[in-house]
Amino acid sequence: MAWRTRFAPAPTGYLHLGHVLNAIHVWGIARAHGGEVLLRIEDHDRSRCRGEYETALREDLDWLGFVPDLGYQPPAITAHNDTPSPYRQSDNAARYTAALAALTAQDLTYVCTCTRRDVARAAPHPSGAEPRYPGTCRQAHHPESATRARRVRMAHGTEIFEDRYRGMVQQTPAEQCGDVLVRDRHGHWTYQFAVVVDDMAHDIDVVIRGDDLLDSTGRQLRLAALLGRERPITWWHHPLIMHPDGRKLSKAYHDTSIRERRAAGTPAAALLGEAAWRGGLLPEARDLTIDELPALFAAGR
Ligand code: GLU
């Protein structure tokens, strides 16, 4: 049976070159080593996700030649964003509710009334660094009705995992982030929780993503263990495309989207080649076709 990985974009903007680099890793590694690719729409953040971005990302993937083996259906098959899908997070609240209930049954969750500002104030941290939740509400026993926000207790201890790019990694979630927020006060499921529940529900064996998410891996492993995950995960955290000034590409900075490049006449093969080169997979920029991706990952990696 083939192992399974996933491409899991959030439709909060148009795809940019950084997404293309991630897709190159995901499809390239899967095609080189006998894996299948599942497409999942990670629209857990209802305040930032838009249907038009979801439609656009499906079209852009199609145009670039990234065809998923399963999961979210490409636009030619599912025409409407309002068709519910097990592979779109906003359609799967019941799955997250059940997972939260499983943790609550083990007495691992609590009601948290802290705002972001409360957390920042209680746990001063350098700008850009991650705030650690200091556990303010841990023993407060707020009633369920106080707010929809829930946290999961992170016991002390070290998570150790092997990353195919980074080698052995050790993380201590209780010290890094403290108790993990799984649902916010608006009732939105958080990235950290939804991704763990979905990777279990979708039988994901291999996670291939940018190394900006490396710090999240220990807490995700911990959450998965609390939820009873037994299937091991192989991790690949690849380097990102950076700007010369050191910041990463981002929708928030209006980095040029794939759609704009496409509208300006750039061919798909040129964009694939540019992403692979800027991500360190090619010694220089050149046209690269989808069929060539496995060769980038064939040897040893
Ligand atoms: N949805 C996340 C993103 O767009 C990726 C999730 C993951 O790969 O774990 O950054």
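Only the coordinates and a few stated rules stand behind these numbers; no lab work does. Not measured: the values here are computed from a predicted model. Here Cβ is always computed from backbone atoms with ideal geometry, including for glycine, and neighbour counts include all displayed protein chains.
List of remarks:
- Result for the chain in a Gaussian network model with C-alpha springs under 10 Å: among 70, 223, 271, the largest mean-square fluctuation is at 70.
- Between 246, 279, 228, the residue with the greatest mean-square fluctuation in the GNM of the chain (Cα pairs under 10 Å linked by springs) is 246.
- The range 97-173 shape via C-alpha gyration tensor axes, a/c threshold 1.5: oblate
- Charge dipole of the chain about the Cα centre (unit charges at C-beta), most positive-ward option of 96, 3, 236: 96
- Debye equation applied to the C-alpha atoms of the chain, log10 I(q)/I(0) at 0.10, 0.12, 0.16 Å⁻¹: -0.58, -0.84, -1.44
- Phi to ³J(HN,Hα) by Karplus 6.51 cos²θ - 1.76 cosθ + 1.60 over the range 156-161, Hz, x for Gly, Pro: 5, x, 10, 9, 10, 9
- Of the GluC sites (Glu not before Pro) in the range 215-301, the ones in a loop by DSSP (not H, G, I, E or B) with at most 11 other beta carbons within 10 Å are 230, 284.
- Three-way shape call for the range 81-227 based on the alpha-carbon gyration tensor, with the a/c threshold at 1.5: oblate
- Scanning residues 5 or more positions from residue 66 or on other chains, none has an amide H under 5 Å from its amide H, with H placed 1.01 Å from N in the peptide plane.
- Gaussian network model of the chain, springs between alpha carbon atoms under 10 Å - residue of 171, 106, 220 with greatest fluctuation: 106
- Residues with amide H under 5 Å from that of residue 7, placed H, sequence gap 5 or more: 38, 39, 40
- Taking the chain as a whole, the Cys residues whose C-beta sits 4.7 Å or farther from every other Cys C-beta are 49, 114, 177.
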